Amino acid sequence: MKRLFALLIGASLLQNAVATTLLDDAGQHVEIPDKVHRVADAWYAHHALLMTLGAGGSIVETVNHERSRPWMFLVQPSLKQAASVNGTAFNAESLLADKVDLVFVSTGDRNASAYRQVGLPVVSVGFNDLDGLAHSMTMTAHAMGTPSALKRANDYNAYLAGKRTHLADVLGSLPESERPRVLHIASLNPLKVDGDGTLIDDWIKVSGGRNAATGLSGNLQVVSAEQLLQWQPDVIILAADAGDIEQSPARPLLENLKAVRNQQVLRNPAGVFPWDRYGTEMALQIQWAAQQLHPGLFKDTDMVSETMGFYQRFFDYPLGQEQAKRMLAGLGPVAPSLDQ
């Protein structure tokens, strides 16, 4: 693991619920309450980490909404009773009135200081690679302070590490020339792509590809269609909610891309959270992407079964086969019939 974190624990969390100080991803030492029952989570993707730890039911204030994350609310229906806000800013006084024990924010969240000023412990979470995801899982488990959360974090991290090892074993000897140049498009209007120094860049490489967005750093960078023509990716992966090239204002230019002409435009899966962005389904994303980029090497991978097993194991949710297929197609759950 590339990054290590300091945990100063008065006694073992595995034996007793005791006060804990941990170092979060923003470098802040945070005093964690003896018991954490009620959580406000201001980072969209972090909900998936809490759910994987079996702590999704502790979220009483959320930035997510059922209309934009229908799978998340289906798998974790308690979120329907959580107070929700637009954007990522909670009202500090409302957090106190809601008896929140702990607030999670993304690193760099400017609202964190307001929560600290009213006496609430705030844990900042952020990462830009798969090692960082595993680190944040463990840190979040320590913040929640239960043996079950720690066990589930270890279980998830072992699963992720096992899948990474398998991909490395299969793809390790693959020459650079056989690793397709992949462009990940987060949005078509406006046109936004993901460069290096990001989790997206990391999973592209782990899955046997090369990031086509050369010379670009960071997430969700606005670029021109002309820039895409210069990059000429072999494969384009569209985020589930990126839109369609057919409806894009830049369609006349985008149709000149080699990947479009060769019908190498893929729609990324999405479930509890978009698989391509910062949730725990990243462990499924790398398997899906590897199979898409190198179908001959991963012809025995059954992503429907893998997805169903993942949801049962890590979200305690009995995902059906048709549901798994819809996720893999980047589609939401089927709306319940009005007759039911």
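Here, each number is a calculation from the coordinates, and none is a lab measurement. Since the structure is predicted, the reported quantities are computational estimates derived from the model, not experimental observations. Neighbour counts run over all protein chains shown; Cβ positions are idealised from the backbone, glycine included.
How large is the Kirkwood hydrodynamic radius of the stretch 35-134, in angstrom, based on all distinct alpha carbon pairs? Every distinct Cα pair counted, the radius reaches 13.6 Å. Note on the stretch 14-75: percent of Cα-Cα distances in each 5 Å bin, starting at 0 and stopping at the bin with the largest distance, equals 4, 14, 21, 25, 18, 8, 8, 1, 0. In the stretch 192-317, Cα pairs under 8 Å separated by at least six residues give a relative contact order of 22 percent. Take the Cα of E226, step 7 Å toward its Cβ, do the same at S94, and the gap between the two points is 4.4 nm. Here the contact order of the chain, divided by its residue count and restricted to Cα pairs under 8 Å and six or more residues apart, works out to 16 percent. Under the combined filter of DSSP loop state and at most 14 neighbouring Cβ atoms within 10 Å, the stretch 219-321 retains none of its chymotrypsin sites (Phe, Trp or Tyr not before Pro).
Under 5 Å between amide hydrogens, built in the peptide plane, is the criterion, and for T20 it picks out I32 among residues at least 5 positions away or on other chains.
Find the relative contact order for the stretch 251-340 and round it to a whole percent, using C-alpha pairs within less than 8 Å whose residues are 6+ positions apart.
Rounded, it is 27 percent for the stretch 251-340.
From least to most packed, judged by other beta carbons within 10 angstrom and beginning with the fewest, R261, R251, R164 follow the order R261, R251, R164. Each other residue within a Cβ distance under 10 Å of D194 adds +1 if Lys or Arg and -1 if Asp or Glu, for a net charge of -1. Given the C-alpha centroids of the stretch 230-284 and the stretch 70-122, what is the distance between them in whole angstrom? Here the two parts' Cα centres lie 31 Å apart.
Taking S84, S124, S94 as the candidate residues, the one with maximal mean-square fluctuation in a Gaussian network model of the chain, Cα springs under 10 Å, is S94.
Counted by Cβ distance under 11 Å from W43, the other residues give a net charge of -3, where Lys and Arg count +1 and Asp and Glu count -1.
What is the extension gain from D241 to L174, computed as 0.36 nm multiplied by their sequence separation minus the C-alpha to C-alpha distance, in nm to one decimal? Present the calculation step by step, with values, prior to reporting the outcome.
On the way: separation 67, 0.36 × 67 = 24.12 nm, distance 3.16 nm.
Between D241 and L174, full extension yields an extra 21.0 nm.
Placing +1 on the Cβ of every Lys and Arg and -1 on the Cβ of every Asp and Glu, with nothing else charged, gives the chain a dipole about its Cα centre of roughly 120 debye. The orientation-averaged projected area of the convex hull spanned by the Cα atoms of the chain comes to 18.5 nm².
Would you kindly state how much longer the chain becomes between L331 and H65 on full extension, computed as 0.36 nm times their sequence separation minus their alpha carbon distance, in nm to one decimal? Walk me through the numbers on the way to the answer.
Working: separation 266, 0.36 × 266 = 95.76 nm, distance 1.64 nm.
Net length gain for the segment: 94.1 nm.
How much net charge surrounds E255 when only other residues with a Cβ under 12 Å from its Cβ are counted (Lys, Arg +1; Asp, Glu -1)? Surrounding charge for E255 is +2. Temperature 4 °C, viscosity 1.567 mPa s: under these conditions the Stokes-Einstein estimate for the stretch 176-328, based on its Kirkwood radius over C-alpha pairs, is 82 µm² per second.
Relative to the Cα centre, the charge distribution of the stretch 7-160, modelled as +1 at Lys and Arg Cβ and -1 at Asp and Glu Cβ, gives a dipole magnitude of about 320 debye.
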